[in-house]
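Working notes, beginning with the structure itself.
The values are calculated or read from the model by the stated rules, or taken from the named source; none is laboratory data. Model, not experiment: these values are computed from the prediction. Reconstructed Cβ throughout: ideal geometry from the backbone, glycine too, with neighbour counts over all protein chains shown. Surface areas here come from the heavy atoms of the whole protein model, side chains and all, with no ligands, DNA or RNA. Shrake-Rupley method; radii C 1.70, N 1.55, O 1.52, S 1.80 Å.
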Amino acid sequence: MINFSGTLPADLEAQVSAAGGAVTSRFEQIGVAVASSSDPAFAGRAAKIKGALWASEDMDVQWVKPERVI
């Protein structure tokens with residue numbers, strides 16, 4: 001997830017691609033883009049995209065023990 005100060009850059013896809021990722025969703029109204037990458041260093045590079053306030057990894061969290069059935 002990449003949070004921008006205001007609008008998303010017009011060349012967002014190119015900048016994310018240059019950082020090693022691919023844009024999967026755009027939320028223009030709140031200045032947020034979602035991107036994916038298999039590179040663990042991607043978030044650090046994505047945070048340096050012009051206009052980005054920060055970038056963070058979307059973590060998968062397992063809240064229920066795997067052996068427990070709900």
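What accessible area per residue, rounded to a whole number of Å², is obtained for the chain using a probe radius of 1.4 Å?
Solvent-accessible surface per residue comes out at 73 Å².
Got a number for carbon plus sulfur as a percent of the chain's accessible area, 1.4 Å probe?
Looking at the chain in its full context, I get 56 percent from C and S.
Highest mean first, how do 20-31, 41-52, 56-67 rank when packing is the count of other Cβ atoms within 10 Å averaged over residues?
41-52, 20-31, 56-67
Along the three principal axes, how long is the chain when you take its alpha carbons, biggest first, rounded to the nearest angstrom?
46, 26, 17
Helix-only estimate, please: 222 nm mean residue ellipticity of the chain, summing -39500 (n - 2.57) across DSSP H runs of length 4 or more and dividing by its residues, to the nearest 500.
-4000 deg cm²/dmol
Can you work out the FRET efficiency for the pair Gln29 and Trp63, with r the C-beta to C-beta distance and R0 = 25 Å, to the nearest 0.05?
Efficiency, from the Cβ-Cβ distance: 0.25.
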